[in-house]
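The values are calculated or read from the model by the stated rules, or taken from the named source; none is laboratory data. All values derive from a computational prediction rather than experimental measurement. Cβ sites come from the backbone with ideal geometry, for glycine too, and all protein chains shown count toward neighbours.
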Amino acid sequence: MEVEINMNVSPEDFDTLTEIMNIGVGKVASLLNEITASHIRLSVPQVQIININDIGSQDLVPENEICAQVRLDFSGPFSGTSVLVFPSGSAAALVMAITDEKPDTPELDLIRAETLKEVGNLFINGVMGSIGNFLREHISYSLPDYYEDKIEVLKDFKETTNNENVLLTTTNFYVENINVTGIIFLMLEIESLNLLLKKIETISAEESSGL
C-alpha cells in the first residue's frame, strides 16, 4: 500500500527544524572544540526536501571525491540516518590532531577508522540527543559504521524507506587551527516528517500556554 505524504511544509516549519538542528550541532561543536583546542565555525543548517537520487548533485563536496563517512541509523517515533562526512585530507588532519600520530604511522588507516567512528558517534549522538530532548522522545541508534566512498553512496538510504523523497538537513563546520572541514547530514524519512511536525506543534502550543 502506498503511503500518502503531505508535502506542504511551511517556511515556519523549516525555520523550526533549522533551529532544532542548530541547537544540537552547537552543543556538539563545543565538545569538538575541547577535543581539538580549536575554534569551530558552523554554517546555518540547510533544510530541504529532495529526491534521494539527487544527493550527489548538492555541490557539498566534489562529485568524484572519496570521503571518510561515519553513519548511524536512528529509529523511534522518527526514523532516518545521520552521516558525518570528511574530505580525505580533513579526515587525516583531524585524526592526527586528536591522536598525535604522524603521517607515516604504519597503523594510521586503522587508527583513522576507529578515531573517526568515535568522533562520529559523539557528534551524531549529540545532535540526535538534543533533538530527542527537545521533542521529549527516546531515539535509538545503530552502532557507527565507517567507510570511504563518494558522497552519492548516501543514495542507498532509499533502501530503508518506502519513499524516495527525504528531508535532508546539512550543516558544514570548519575546525580553524587544523584546517579541517566536515559536513553533518541528517536524512529523515518523509513518512516520519508529519509526525515530527505535529510533535513540534504540540510542544510549541504547550510552551505558549505555560504548561
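Check whether at least one residue in the range 171-179 is in a strand (DSSP E or B), out of contact with any Asp or Glu (no Cβ under 9 Å at 6 or more places or on another chain), of a type in the set (A, V, I, L, M) and crowded, with 18+ Cβ neighbours inside 10 Å, and report yes or no.
Scanning the range 171-179 turns up at least one residue that is in a strand (DSSP E or B), out of contact with any Asp or Glu (no Cβ under 9 Å at 6 or more places or on another chain), of a type in the set (A, V, I, L, M) and crowded, with 18+ Cβ neighbours inside 10 Å.
Please list, ordered by first then second residue, the pairs with beta carbon atoms under 6 Å, 6 or more apart or interchain, first in the range 187-198 and in contact (Cβ under 8 Å) with a residue 40 or more places away in the chain, second part of a helix (DSSP H, G or I) and surrounded by fewer than 23 Cβ atoms within 10 Å (Cβ to Cβ).
Short answer, once both residue conditions are applied: Met187/Phe157; Leu197/Asp13.
Mind checking whether some residue in the range 122-132 is surrounded by 15 or more Cβ atoms within 10 Å (Cβ to Cβ) and more than 18 Å from the chain's Cα centre (by Cα)?
no
Which condition does Val61 not pass, out of (1) of a type in the set (Val, Ile, Thr); (2) in contact (Cβ under 8 Å) with a residue 12 or more places away in the chain; (3) out of contact with any Cys (no Cβ under 9 Å at 6 or more places or on another chain), if it passes all the others?
Just one mismatch for Val61, condition (3).
Out of the residues in the range 36-65 that are exposed (fewer than 15 other Cβ atoms within 10 Å of the Cβ) and among the aliphatic types (A, V, I, L, M), state the one that is farthest from Leu154 (Cα to Cα).
Ala37
Looking only at residues that are of a type outside the set (D, E, K, R) and modelled with pLDDT under 70 in the range 147-170, which one is nearest to Ala113 (Cα to Cα)?
Phe157
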